[in-house]
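Written out below as structure tokens is the structure these notes cover.
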Amino acid sequence: MMSAHDQNHHSNNANSDENTTHFGFQTVDKNEKESKVAGVFHSVAQQYDVMNDLMSFGVHRLWKRFTIDASGVRPGNKVLDLAGGTGDLTAKFSQLVGREGKVILADINSSMLNVGRDKLRDRGLVQNIEYVQANAQYLPFEDNTFDVITIAFGLRNVTDKDMALRSMYRVLKPGGRLLVLEFSKPEHEIVNKAYDFYSFNILPKMGELVAKDGDSYQYLAESIRMHPDQETLKSMMNDAGFEQTSYKNLTGGVVALHKGYKF
Amino acid sequence: MQSPLSQQLMFAQALSAVVETLINQALVYNLHGTRALIALNEKTLTVKLAELGFPLNFSINAEKIHLTTGIVQSDCTLTTSIKTLIELKNQQKLTELIKQDKLDIDGDIKIAQRFAAIAETLDIDWRSELAKRIGDIPTYKIGQLGKSLAKKFSFASEQIQADATEWLVHEKNMVVASGELSNFAQQVEQVTEQVDEVSQRVNKLITQQNNKANRE
């Protein structure tokens, strides 16, 4: 089996071909990735929250809370929760921005958006939330619209990440900030090995057992390894125009929160 | 500042999640309801405790309290320690604590007072809430058990304190007994009085000496 680093390197070569990209460890046509990713999320949408709790032992709730804390969001702010899925971040943002503020829950996948909308409505969160089915690469919003943009566990599924980051930069207000919460590269080799074992041996079996879909969770593990590491993502954000970019490793680098400003 | 390890383990987030859940659950069971929160809608109180490396921001929205630990714009910020926060129960001590530099308030103090009022008026009938879930008899039994445990705990705590005092004062001589301390204080007072007397006598002699010199 290729190491994660080799696979990443391999991926960079693959990316040099303008028409192809990666879907997990496979190299696929760029046009094909979107529909393949859509297939994964249509399949897992109903069990998404349960699987998140199971796979991360509930720690994903703390990672998301860390993101909220780092956002500095306040009443009246306009927030875009991109790839917001089942709306965990949207729920909290909605309560923090108040009546004068607004939260847009955007996701490319209609199944995820429907699950998110049902969940938030059941919790009585309706007054300041809008739902938009949107591709992160072509955000359907005017320039300088949002005070805060978050994308949690979504960027790695985007076909052209650079394009998506530029699109986010465009719709962010001057002074606004982008927060990218994403799986990353563990800082210590022991953690890395344990994490690899867990991801490739236990995770797909868990997915098979609970969501009846081992393949989607195999993709999840592969897509995490193909995602740029902390420093690479930071430089991608810089290239997109973000300033004062920084990142914080959480749980030993299993997840990292990147933050960048538009001035 | 939080230590890198504490940040990695997300101690602040774990603490805020637990506290937020407990507060909101307590408000649900509050006999006075959540009406008191309406006046504080979209207001934020920040508490910076010396013992914690991060601020605690209490924001109110939709009759719920939201607790975050990042840097936010706050309507009122209290900078203090846990010990002083407990002393603040007595609102008359407020000025005294500020003068003693134990408490710093930045922003609208009424916000802090309203938050304190909500905490003070919290009235929960735990027994009836528990009885709704597990029935009257188990609730009664749990209540009795709680009382008995509290009594035993109180007795054990007194016993431990007495034993520790005995060991530290009499066996190890690491700490002085209160009698010895007051005796020492009395002796110090006596010495101070004697020094004052001597000082007065010296001053008197100097004055006499000066007068004598002037006459000559």
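A few remarks follow.
- Distribution of pairwise C-alpha distances over the protein assembly as shown, 20 Å bins, in %: 18, 42, 24, 10, 4, 1
- Under a model in which nothing but the beta-carbon of Lys, Arg (+1) and Asp, Glu (-1) is charged, the protein assembly as shown shows a dipole of about 1000 debye around its Cα centre.
- Accessible area buried, both sides summed, chains A and B with 1.4 Å probe, Å²: 1800 Å²
- For the range B:176-216, the carbon plus sulfur part of the accessible surface works out to 51%, probe radius 1.4 Å.
- Spatially, the range B:150-178 and the range B:19-33 are offset by 38 Å when compared through their Cα centroids.
- In the context of the full set of protein chains, residues of the protein assembly as shown present 56 Å² of accessible surface per residue (probe radius 1.4 Å, heavy atoms only).
- Environment charge of A:G207, counting only residues whose C-beta is closer than 11 Å and scoring Lys/Arg +1, Asp/Glu -1: -1
- Highest-MSF residue in chain B out of B:Q100, B:Q194, B:Q92 [GNM, Cα springs under 10 Å]: B:Q194
- Geometric descriptor of the range B:176-216, per residue, is 28 Å³ (volume of the convex hull of the Cα atoms).
- Kyte-Doolittle mean at least -1.0, axial Cα span of 24 Å or more - DSSP H helices of chain B: B:11-29, B:136-166
- Centre-to-centre separation between the Cα atoms of the range A:136-204 and those of the range A:55-97: 14 Å.
- Equivalent ellipsoid of chain B: semi-axes from √(5λ) of the C-alpha gyration tensor, largest first, are 53, 30, 19 Å.
- For the residue pairs B:K48/B:K89; A:K64/A:K92; A:K30/A:K161; A:K173/B:K48; A:K262/B:K64; A:K64/A:K259, alpha carbon separations beyond 21 Å are given by A:K173/B:K48; A:K262/B:K64.
- Charged-residue dipole, Cβ positions (Lys, Arg, Asp, Glu), the range B:133-174 about Cα centre, Debye nearest 20: 340 debye
- Taking every residue in A:58-70 and counting other chain Cβ atoms within 10 Å of its Cβ, the average works out to 5.
- Mean separation of Cα contacts under 8 Å (6+ apart) over length of the range B:4-124, as relative contact order %: 26 percent
- Dipole of the protein assembly as shown computed with +1 at Lys/Arg Cβ and -1 at Asp/Glu Cβ about the Cα centre; of A:V171, A:L250, A:S94, farthest Cα towards the positive end is A:S94.
- Solvent-accessible area of chain A (1.4 angstrom probe, protein heavy atoms only): carbon and sulfur portion equals 50 percent.
- Both radii are taken from the alpha-carbon atoms of the range B:152-192; with Rh as the Kirkwood radius, Rg/Rh is 1.22.
- Converting phi to 3J(HN,Hα) with the Karplus coefficients 6.51, -1.76 and 1.60 and the offset θ = phi - 60°, the range A:49-60 yields 5, 4, 5, 4, 5, 5, 5, 9, 6, x, 5, 4 Hz in sequence order, with x at every glycine or proline.
- Overall Cα dimensions of chain A, principal axis frame, Å, largest first: 53, 39, 35
- Residue among B:V72, B:V195, B:V176 with the largest mean-square fluctuation in a Gaussian network model of chain B, springs linking Cα atoms under 10 Å: B:V195
- Applying the Kirkwood pairwise sum to the alpha-carbon positions of the range A:62-163 produces a hydrodynamic radius of 13.6 angstrom.
- 3J(HN,Hα) along the range A:134-149: 9, 8, 4, 6, 10, 5, x, 10, 5, 4, 6, 9, 10, 7, 9, 10 Hz, from the Karplus curve 6.51 cos²θ - 1.76 cosθ + 1.60 with θ = phi - 60°, whole Hz, x for Gly and Pro.
- Unit charges at the beta carbon, dipole of the range B:176-216: most positive-side option, B:Q187, B:A213, B:A177: B:A213
- The Rg/Rh ratio of the range B:133-174, with Rg taken over Cα atoms and Rh as the Kirkwood radius over Cα pairs, comes to 1.40.
- Gyration tensor analysis over the Cα atoms of the range A:44-113 returns equivalent ellipsoid semi-axes of 22, 16, 8 Å (largest first, whole Å).
- Within the accessible area of the range B:133-174 (1.4 Å probe), percent carbon and sulfur: 62 percent
- Contact with the other protein chains removes 40 Å² or more of accessible area, compared with the isolated chain and a 1.4 Å probe, from these residues of the range B:11-42: B:Q13, B:E42.
- Near A:H188: Cβ cut-off under 15 Å, other residues only, Lys/Arg at +1 and Asp/Glu at -1. The net charge is -2.
- Selected from B:H66, B:H32, B:H170 as most flexible by GNM, with chain B as the system and alpha-carbon contacts under 10 Å: B:H170
- Reduction of at least 40 Å² in accessible surface, 1.4 Å probe, comparing all protein chains with the chain by itself, residues of the range B:51-89: B:N61, B:H66, B:T68, B:Q73
- Extreme residue, positive dipole direction of chain A, given options A:M51, A:S35, A:S199 (C-beta unit charges): A:M51
- Neighbourhood charge, 13 Å Cβ-Cβ cut-off, centred on B:E96 and excluding it, Lys, Arg +1 and Asp, Glu -1: +1
The values are calculated or read from the model by the stated rules, or taken from the named source; none is laboratory data. Keep in mind that what you see is a predicted model, and the values were worked out from it rather than measured. Note that each Cβ is placed from the backbone with ideal geometry, even for glycine, and that neighbours are counted across all protein chains shown. Side chains included, ligands, DNA and RNA excluded: accessible areas come from the protein's heavy atoms. Shrake-Rupley method; radii C 1.70, N 1.55, O 1.52, S 1.80 Å.
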